[in-house]
Amino acid sequence: MTTTASKETLGFQTEVTQLLHLMVHSLYGNKEIFLRELVSNASDACDKLRFESLSNSALLEGDTEFRIRVSYDRAARTITVSDNGIGMSRQEVIDNIGTIARSGTREFLRQLGADAAKNAQLIGQFGVGFYSSFIVADHVTVVTRRAGAPAGEAVRWESRGEAEYTIETVEKAERGTDVILHLREGEDELLDGDRLRDILRKYSDHITVPILMKKEVWDSDAKVRTVTDEDEQVNQASALWARPKSEITEQQYHEFYRHVAHDFDDPLAWTHAHVEGRLEYTLLLFIPRRAPFDLWDRTQRRGIKLYVRRVFIMDNAEQLMPVWLRFVRGIVDSADLPLNVSREILQQSADVAAIRQAATKRVLGLLEELAGKEPEKYATFWKEFGRVLKEGVVDDAAYRERLAKLLRFSSTHDESGEQTVSLADYVGRMKDGQTEIYFLTADGLAAARHSPHLERFRKLGVEVLLMHDPIDEWVMSALTEFEGRRFRSITQGDLDLGALEDPQAKQDEERQQTELRDVVDRMKRALAERASDVRISRRLTDSPACVVADAHGISTNLERILKSAGRQVPSSRPILEINPDHPLIQRLKDETSDELFNDWSQVLFDQAILAEGGQLDEPAAFVRRLNTLTLALAGEAKPKIWTP
């Protein structure tokens, strides 16, 4: 191997430098994962070449047997992981090793801190990949040549895991990649064939590409194990998903999940099924324990690997899973799709649509089983992925009914604020005479829990669902009823509790309408430009006023969400409802000054906006009016002097 071009020194992307430093210090306690990650990458490289060779057999260069080789050199203190997969070009090396091209990287690094245990968990969520080499090595060399490229266009990459790396063009006769780890001081226990075999069997036994090591024999004269020239296969190298479920251990499922998901943690749950009929295919699908950092990027779909008759076809087969299940990881292996299948064919294939439908139902069945039999696990799932699952209610009417049973919300029944209440739970606690499911949407849990709209419901002991995720507004526009009971927003339209209300309350309301008719009329005139109406409230028991959206319009919370997103929203004026029993409202009956009455009306309206988490258009005007009224009240108050 000789250098054919000058060496170039380049700097790592800033995020890579930070990640390398934190990884070495945070993951050292589980350092053997470096081998799992490198072998997993090598396996992916072989899969990708196998797929590309379907349309261009020349890429195989006469070598059709894929393999991964692991070797060590005690004298040089190196471990080498080699593959004859797809390899990389010079630019691919820079793109894949010198940068982290992933959304959420900066947010991920921001969350890392001094807690090594927490960092290890976060790094596991993000995925470690090639960079795990630096856990055990202080110097890493990569020599790679892309399949089909001339021998003289191979690339050598070297780094000590600091701020920069070197890259140069070299010669390499064989296609593929060699990763050479120069071990740190104190890591000599890894320079042992049995130790490396144990790690490979523990983490990589499921890899479908043969993993080879040189056979070792005991030299009775020298009393040492010596390395021979004979290869031996370390792993089973059979597709785990093709084995009978009874022959697969839980640990093997866990390790296979870590391979396909590049996750550091165990999966939360999984489903494994072989389907025969008009179509024959195998599904092995996993639900992660924690959300990846790019979960909210709907364009990034890394979940499902597609195989055809155990031949890898493509990563990120988004046609096999709806976008609202983009957190699912795993494989689909079809016996019927053509080997030369493309993404365009997948989009048009009726067979793929049938597999997608079956996979979706299988995942929903798994979630239903968790919710029914393992509520603690389901609570973990909901905390991580609940907001994504809600997208299905909006996007996919075919599964809306099943998804409705899986939804979880906060509720006035549970003051903890945790989203643990199902719609079935709510219906089971409905009061006699209650015909609707009441809910409230707000821009946060605190705003929802302290909303004045809840006052009458709390007094009557009627449960209200508290919805504080932004997507809830769209969910409730799509979900109109559950088990024959309609949903009713308590922040929109007039409130009629029917049989739940005290009969005396109706008589009191009629009396109050008469007593406060003049106050209501004066407030309508004062707020003509801001409120579409002013009326006596059936909602309030403690607060002086609240704002209510029209029954057929959009809620004030949705209006705020759309405006904050820069969307054009038709101008609308909310309804102001006043509490006839509140001292401030009673005081307005005796206010003779039109100027002070107008100020009181404006302040009450502004307070109602603030009480539900809104923002004022003119906060300075609110402060001025409040100061005016405070001074007026101070002037009217009689001095109170305490004497012993």
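Couple of notes before you dig in:
- Counting only strands (runs of 3 or more DSSP E) that sit wholly inside segment 435-503, those with at least 1 residues that are of a type in the set (Asp, Glu) are 436-441.
- Search result, residues across segment 207-229 that are among the hydrophobic types (A, V, I, L, M, F, W, C) and either open to solvent by 40 Å² or more (accessible area, probe 1.4 Å) or over 30 Å from Asp47 (Cβ atoms) (or both): Val217, Trp218, Ala222, Val224, Val227
- The set of residues in segment 372-393 being among the charged types (D, E, K, R) and either over 12 Å from Trp324 (Cα atoms) or open to solvent by 40 Å² or more (accessible area, probe 1.4 Å) (or both) consists of Lys373, Glu374, Glu376, Lys377, Lys383, Glu384, Arg387.
- Counted residues, segment 394-409 - those being open to solvent by less than 10 Å² (accessible area, probe 1.4 Å) and either of a type in the set (Phe, Trp, Tyr) or at pLDDT below 95 (or both): 1
- Asp231, sole failed condition from (1) outside any strand (DSSP E or B); (2) under 25 Å from Thr64 (Cα atoms): (1)
- Qualifying position, being under 34 Å from the mean Cα position of the chain (by Cα), in a helix (DSSP H, G or I) and touching a residue at least 40 places away in the same chain (Cβ under 8 Å), among Arg522, Arg560: Arg560
- Extreme residue, farthest from Asp395 (Cα to Cα), among residues of segment 509-530 that are open to solvent by 30 Å² or more (accessible area, probe 1.4 Å) and among the polar types (S, T, N, Q): Thr514
- Among the residues of segment 234-266, those that are without any contact (Cβ under 8 Å) to a residue 40 or more places away in the chain, farther than 19 Å from Asp192 by Cβ and in contact with a strand residue (DSSP E or B) (Cβ under 8 Å, 6 or more places away or on another chain) comprise Ala237, Lys245, Ile248, Tyr253.
- Only one entry in Met23, Met1 is among the aliphatic types (A, V, I, L, M), open to solvent by 20 Å² or more (accessible area, probe 1.4 Å) and modelled with pLDDT under 85, namely Met1.
- Any hit, segment 604-621, residues being among the acidic types (Asp, Glu), in a helix (DSSP H, G or I) and either under 35 Å from the mean Cα position of the chain (by Cα) or modelled with pLDDT of 80 or more (or both): yes
- Considering the conditions (1) at pLDDT 50 or above; (2) touching a helix residue (DSSP H, G or I) at 6+ places or on another chain (Cβ under 8 Å); (3) open to solvent by 20 Å² or more (accessible area, probe 1.4 Å), Ser132 is excluded by exactly one of them, (3).
- Out of Arg567, Arg587, sole residue that is surrounded by fewer than 17 Cβ atoms within 10 Å (Cβ to Cβ) and under 28 Å from the mean Cα position of the chain (by Cα): Arg567
- Out of Arg449, Arg458, one residue alone is under 19 Å from Val421 (Cβ atoms), open to solvent by 50 Å² or more (accessible area, probe 1.4 Å) and in contact with a Gly (Cβ under 9 Å, 6 or more places away or on another chain). It is Arg449.
- Residue check for Ala404: within 30 Å of Glu280 (Cβ to Cβ) and touching a residue at least 60 places away in the same chain (Cβ under 8 Å): no
- Matching residues in segment 159-208 - criterion: being over 29 Å from Gln251 (Cα atoms) and of a type in the set (Phe, Trp, Tyr): Tyr165
- Selected residue (only one of Asp333, Asp351 is open to solvent by less than 20 Å² (accessible area, probe 1.4 Å), over 25 Å from the mean Cα position of the chain (by Cα) and touching a residue at least 40 places away in the same chain (Cβ under 8 Å)): Asp333
- Single residue of segment 395-424 satisfying the filter (in contact with a Lys or Arg (Cβ under 9 Å, 6 or more places away or on another chain) and in a helix (DSSP H, G or I)) that is farthest from Phe293 (Cα to Cα): Ala424
- Single unsatisfied condition, Leu35 versus (1) buried (at least 17 other Cβ atoms within 10 Å of the Cβ); (2) at pLDDT 95 or above: (2)
- Here the strands (runs of 3 or more DSSP E) wholly within segment 244-308 that include at least 1 residues being touching a helix residue (DSSP H, G or I) at 6+ places or on another chain (Cβ under 9 Å) and either open to solvent by 20 Å² or more (accessible area, probe 1.4 Å) or farther than 30 Å from Leu54 by Cα (or both) are 269-275, 281-287.
- Tally, over segment 137-183, of residues that are part of a loop (DSSP other than H, G, I, E, B), surrounded by fewer than 19 Cβ atoms within 10 Å (Cβ to Cβ) and of a type outside the set (Gly, Ala, Ser): 5
- Checking each residue in segment 413-444 for being within 31 Å of the chain's Cα centre (by Cα), in contact (Cβ under 8 Å) with a residue 60 or more places away in the chain and open to solvent by 40 Å² or more (accessible area, probe 1.4 Å) picks out only Asp443.
- The residues listed here are Gly330, Gly277; of these, the one that is under 25 Å from Ile207 (Cβ atoms) and not hydrophobic (A, V, I, L, M, F, W, C) is Gly330.
- One residue from Ser71, Ser55, Ser43 being crowded, with 17+ Cβ neighbours inside 10 Å, outside any helix (DSSP H, G or I) and at pLDDT 70 or above: Ser71
- Scanning segment 310-352 for residues that are assigned to a helix (DSSP H, G or I) and over 21 Å from Leu389 (Cβ atoms) returns Arg343, Glu344, Ile345, Leu346, Gln347, Gln348, Ala350, Asp351, Val352.
- The set of residues from segment 467-508 being among the charged types (D, E, K, R), over 41 Å from the mean Cα position of the chain (by Cα) and either exposed (fewer than 15 other Cβ atoms within 10 Å of the Cβ) or closer than 23 Å to Gly417 by Cα (or both) comprises Asp502, Lys506, Asp508.
- Selected residue (criterion: most open to solvent (accessible area, probe 1.4 Å)) from residues of segment 230-243 that are farther than 25 Å from Phe130 by Cβ and hydrophobic (A, V, I, L, M, F, W, C): Ala242
The values are calculated or read from the model by the stated rules, or taken from the named source; none is laboratory data. All figures in this text were calculated on a predicted structure; none of them were measured in a lab. Please note: Cβ atoms are built from the backbone with ideal geometry, for glycine as well, and neighbour counts cover all protein chains shown. All accessible areas refer to the heavy atoms of the entire protein, side chains included, with ligands and DNA or RNA removed. Shrake-Rupley method; radii C 1.70, N 1.55, O 1.52, S 1.80 Å.
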